[in-house]
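S.K.: The structure is given below, and queries will be raised subsequently.
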Amino acid sequence: MGTVSTLPAFLDAFRAKLLVRSELAGVNIYTGPVDDLSIGEEALVFAVDETEGELEYKTLPHAEAFESYDVEGRIWIVVAGAGETAIKAARDRAFVLFAEVASELKADNVSTAGTVTALGVSDARITEWTLKQIVVDGGRDARITFNVEVRAEFTPA
């Protein structure tokens, strides 16, 4: 099978790198949609909705593809309890996970060669995020939705 996109390899490599981060021990990490029963109390989920990519061929003889796509990431934290203590605990934990994602991307983006080696792409960075806090039965839920902008160059097969 030939390469037509770096997305599958990027998702696999990024998940593998996140799984070994000590602050993410016990966090469920998925690279696609997951049901409410399986998600758990702490999760990182990538590529839940559509991921659209764009390919450009900037050089002759159009052998090298320049690819760009945005991967949506979601952080899901549920904390038992009520009041400000539970609200703060859920929100703070969500931002700890968010910082781990940002830190991993920053570590892998030290150079283009380093990023290609680590994640199979030229560049990957967080470009926007949104926090949503929700009351759930017996607890508080903090969710951060964020965008990872990815750029890559490869030779299609």
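S.K.: Among His62, Ala16, Val34, pick out the residue whose Cα is farthest towards the positive end of the charge dipole of the chain, where Lys and Arg carry +1 and Asp and Glu carry -1 on C-beta, about the Cα centre.
M.R.: Of the candidates, Ala16 comes out farthest on the positive side.
S.K.: Using the 10 angstrom Cβ neighbour count as an exposure proxy, how do Ser122, Ser103, Ser38, Ser5 rank, fewest first?
M.R.: Ser38, Ser103, Ser5, Ser122
S.K.: Give me the percent relative contact order of the range 7-154, please, defined on Cα pairs under 8 angstrom at least 6 residues apart.
M.R.: Computed over the range 7-154, the figure is 25 percent.
S.K.: In addition: Arrange the following residues from fewest to most other Cβ atoms within 10 Å of their Cβ: Ile75, Ile39, Ile134.
M.R.: Sorted ascending by nearby Cβ count, the order is Ile134, Ile39, Ile75.
S.K.: While we're here: Please compute the Cα-Cα pair-distance distribution of the chain with 5 Å bins starting at 0, giving whole percents from short to long.
M.R.: Reading upward from the zero bin: 2, 9, 17, 20, 18, 13, 9, 6, 4, 2, 1, 0, 0.
S.K.: Among Leu11, Leu60, Leu105, which one shows the biggest mean-square fluctuation in a GNM of the chain, springs joining Cα atoms closer than 10 Å?
M.R.: Leu60
S.K.: With the Cα gyration tensor of the range 1-53 giving a ≥ b ≥ c as the square roots of its eigenvalues, does the rule (a/c under 1.5 for rounded; else a/b larger than b/c for prolate; else oblate) give rounded, prolate or oblate?
M.R.: oblate
S.K.: Another one. For the pair Arg151 and His62, what calculated FRET efficiency results from E = 1/(1 + (r/R0)^6), where r is the Cβ-Cβ distance and R0 = 25 Å, to the nearest 0.05?
M.R.: Between His62 and Arg151 the formula returns 0.85.
Taken together, the values in this text are just the output of simple stated rules run on the coordinates, not laboratory data. As the structure is a computational prediction, the values presented were derived from the model and not from experiment. No Cβ is skipped: glycine too gets one built from the backbone with ideal geometry, and neighbour counts run over all protein chains shown.
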